[in-house]
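The values are calculated or read from the model by the stated rules, or taken from the named source; none is laboratory data. The structure presented is a predicted model; accordingly, all values stated were derived computationally and were not measured. Reconstructed Cβ throughout: ideal geometry from the backbone, glycine too, with neighbour counts over all protein chains shown. Just so you know, the surface numbers come from the protein's heavy atoms only, side chains and all, with ligands and any DNA or RNA stripped out. Shrake-Rupley method; radii C 1.70, N 1.55, O 1.52, S 1.80 Å.
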Amino acid sequence: MLKIEHLSKDFDGFPVLIDLNWTIPDQKIVGLIGANGSGKSTLLRCLSGVYVPSQGILRYDDKPLSESRERLMSIPDEPFYVSRFSTREMTLFYKSFYK
């Protein structure tokens, strides 16, 4: 189960996520739908560790999300790659984030 409690994220005082509470049960598929700028990507980046939340608790199976990140995956609609890296180098780069 993924549990989000009182998650907030701001950028230089500009609030993007405000006191978000959400529980996603095991074996459920969910989608995020919303207008541009509504915080969908910010939420996914907080869950994946790209952004550090301004406040709140993120848990996966009752453990802090930081201890469970290898069990979660997010695939952005615009893939990130470093143009000077080969495919092998990008594989090693992403592999460094997971056990």
### Task
Mind jotting down the three principal axis lengths of the chain based on Cα atoms? Whole angstrom, largest first.
41, 30, 23
### Summary
Probe 1.4 Å, heavy atoms of protein chains only: per residue, the accessible area of the chain in Å² is 80
### Message
From the Cα trace of segment 1-53, what convex hull volume per residue do you get, rounded to a whole Å³?
### Response
81
## Note on the structure
Exposed chymotrypsin sites (Phe, Trp or Tyr not before Pro) being those in a DSSP loop with at most 16 other Cβ atoms within 10 Å, the longest stretch of the chain free of them is 1-79
### Query
Which residue, 84, 45, 59, has the most motion in a Gaussian network model of the chain that connects Cα atoms within less than 10 Å?
84
### Message
Straight-line reach from residue 40: which lysines fall under 22 Å, measuring Cα to Cα and dropping same-chain residues less than 8 apart?
### Response
3, 9, 28
